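See structure below.
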Amino acid sequence: MIEIRNLYKRYHNHHGSNWVLRDINLVIPDGVSVGIVGRNGSGKSTLLRIIGGMDSPSRGDIVRNARVSWPIGLAGGFQGSMTGRQNVKFVARIHGAGRDVTEIIRRVEDFAEIGPSFDEPVKTYSSGMRSRLAFGLSLAFEFDVYLSDEATAVGDRAFKAKATQAFKERIGQASLIMVSHSEGILKDLCQAGVLLEGGRATWYDDINDAIGTYHDMTDKKRA
């Protein structure tokens, strides 16, 4: 279970700052996969980073009674001067929990499909290559909850299908919290939904209801 209590988040700048997230209170049950929907700039990626511990709330708390992955589509945690292999080896030694580091490296290399670039500095990678590496690295470890920020949008058609299938194989053993512009992916992989609007979050037991409400909201704004 993941519990979000009275969460607020804003980023200070020279022009003043508004709350990106305001007074969010959610309980995400064990075994329930959740799709986060909302307009661009509504705070979807920010919320995902906070849940994953990559960012901190300005106020409030996150209680994680589960092993939570880092956001798979956000590949900013790599050390740029190190190669992909070296980054994977470093993470595997920290999080491997006694597992064979060589086997983890092999699995990530096979899944990422970036060829000789695996032994080149990560700072030379495209954003897509970084995301492929991050995706493969996340799936090399066993988490209770996997976080995904547009991870299934990375790469060519074959890799997208491979990424989607990898998530499907995790369902039943783990759950997902997912940000995606693909409503088909959200409907396929998620049961529940969270709609972000104006910094506030609304929980829906059915992902279809979250998407339907989002459509109604955006249609009214266009009108």
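The values are calculated or read from the model by the stated rules, or taken from the named source; none is laboratory data. All of these numbers come straight from a predicted model, not from anything done at the bench. Positions of Cβ are backbone-derived with ideal geometry, glycine not excepted, and every protein chain shown enters the neighbour counts.
Considering only the stretch 78-86, I want to know if a residue exists there that is among the small types (G, A, S) and modelled with pLDDT under 95. Within the stretch 78-86, one or more residues are among the small types (G, A, S) and modelled with pLDDT under 95. Is it the case that F78 is aromatic (F, W, Y) and either in contact with a strand residue (DSSP E or B) (Cβ under 8 Å, 6 or more places away or on another chain) or within 22 Å of A192 (Cβ to Cβ) (or both)? For F78, the condition - aromatic (F, W, Y) and either in contact with a strand residue (DSSP E or B) (Cβ under 8 Å, 6 or more places away or on another chain) or within 22 Å of A192 (Cβ to Cβ) (or both) - is not met. Among the candidates I2, I105, I114, the residue that is touching a Lys or Arg at 6+ places or on another chain (Cβ under 8 Å), of a type in the set (A, V, I, L, M) and assigned by TED's automatic domain parsing to the domain that holds D205 is uniquely I2.
Only one entry in G80, G53, G84 is on the phi > 0 side of the Ramachandran plot and small (G, A, S), namely G53.
Taking the criterion of being within 14 Å of Y11 (Cβ to Cβ) and surrounded by 18 or more Cβ atoms within 10 Å (Cβ to Cβ), the residues of the stretch 46-75 that qualify are T46, L47, R49, I50, P57. For the stretch 158-177, the set of residues classified as over 14 Å from Y146 (Cα atoms) and among the aromatic types (F, W, Y) consists of F159 only.
When restricted to residues that are part of a strand (DSSP E or B) and over 19 Å from S148 (Cβ atoms), the stretch 194-223 contains 3. Taken together, A134, A166, A161 contain a single residue that is over 15 Å from the mean Cα position of the chain (by Cα) and of a type outside the set (S, T, N, Q), which is A161.
All of (1) aliphatic (A, V, I, L, M); (2) touching a residue at least 60 places away in the same chain (Cβ under 8 Å); (3) under 21 Å from F141 (Cβ atoms) hold for V88 with one exception: (2).
Condition test on G41, is it part of a loop (DSSP other than H, G, I, E, B), free of Cβ contacts under 8 Å to residues at least 60 places away in the same chain and not assigned by TED's automatic domain parsing to the domain that holds H215? Walk me through how you get there before you give the answer.
On the way: part of a loop (DSSP other than H, G, I, E, B): yes; free of Cβ contacts under 8 Å to residues at least 60 places away in the same chain: yes; not assigned by TED's automatic domain parsing to the domain that holds H215: no.
Considered against the rule, which asks whether it is part of a loop (DSSP other than H, G, I, E, B), free of Cβ contacts under 8 Å to residues at least 60 places away in the same chain and not assigned by TED's automatic domain parsing to the domain that holds H215, G41 comes out as no.
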